[in-house]
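J.: Let me begin by handing over the structure; questions about it come next.
The values are calculated or read from the model by the stated rules, or taken from the named source; none is laboratory data. Bear in mind that the values here come from a model prediction, so they are computed numbers and not experimental data. Heads up: the accessible areas ignore ligands, DNA and RNA and are worked out on the full protein's heavy atoms, side chains in. Shrake-Rupley method; radii C 1.70, N 1.55, O 1.52, S 1.80 Å.
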Amino acid sequence: MTDFGPDFAGPDGYAEVARPVFLGLDPLLLALLIALILIAGVVGWALGRSGRREDDPEEVAKAIHARILAASKAALSVDSDRLPEKSRALKTLVDEMLGDAVKLGAGVNGPLQEIANALDPKPAAPTPPPAASATLINVTVNPTPPTPAPPVTDQRTQLALAVRKFHDHWSRTSLRKAELKGAHLQLSTRPAADAHHAHGHGDHDDHDDHSGHEAEGHGHADDHADADNRPIWERMGKKTKKG
């Protein structure tokens, strides 16, 4: 029973209006789905960018240079008692981060330089012209010879000089980072395929195919030879049966 009288009754034909949908989905559910897709895309983009950044040659060179420079400064700043310890730590770090590259460069540097000298030989020094005849006057001079520098025999002194020399070399930041970046790019870039080398493989495959055909031909010839080498009575018997 209702509280409204018949005067308040609506006209016939009115019905409940359905909520709008898109592709069969409720608008709220559709908005939530779009938001999830956007969040997944942003997360994937961030992860992909961070992964590429770790392998970026600029970042790799920067990280390697900073680590080695810090170890070099540490070895340079300690007293003589701790110098061997820090120097060994410096060498260990360089071996871990650049050891294979240093070995590669040291192995090819000598032979490669010989190739370069053979391709572009340096001109021989000109022979000085013979001296004109002149009256020789003997003058005796007894100059005071320079005092040679005393040899370095102290291990810590040798170590300090070596660390200083390495630090001076590694402190040229722009040059060392450019070298590290170039080495990273060269060692991580796959060389293009050699067209001549690829064609050579094709020729080799063709040769293998011909060899296979020849081997097959030899196999047929061997079959015929085996057939001809049968005893004559077997061949005559076979002909008799056919007759």
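J.: Over 19 Å between C-alpha atoms is what I'm after, so list which of Lys73/Lys177; Lys73/Lys103; Lys122/Lys165 land there.
T.: Numbers: Lys73/Lys177 17 Å; Lys73/Lys103 24 Å; Lys122/Lys165 30 Å.
Beyond 19 Å between Cα atoms: Lys73/Lys103; Lys122/Lys165.
J.: Turning to a different aspect of this structure: Can you give the extra length, in nm with one decimal, that the chain gains between Lys165 and Ala40 once fully stretched, where that is 0.36 nm per residue apart less the Cα-Cα distance? Working shown, then result.
T.: Values: separation 125, 0.36 × 125 = 45.00 nm, distance 5.20 nm.
Taking 0.36 nm per residue and subtracting the Cα distance, the gain is 39.8 nm.
J.: Also, I was wondering about something else. Just how much of Leu187 is accessible, in Å², when a 1.4 Å probe is used and the result is rounded to the nearest 10?
T.: The accessible area of Leu187 comes to roughly 130 Å².
J.: Quick one: ranking Asp26, Asp100 by accessible area, 1.4 Å probe, largest first, what do you get?
T.: Details: Asp26 55, Asp100 125 Å².
Ranked list, largest accessible area first: Asp100, Asp26.
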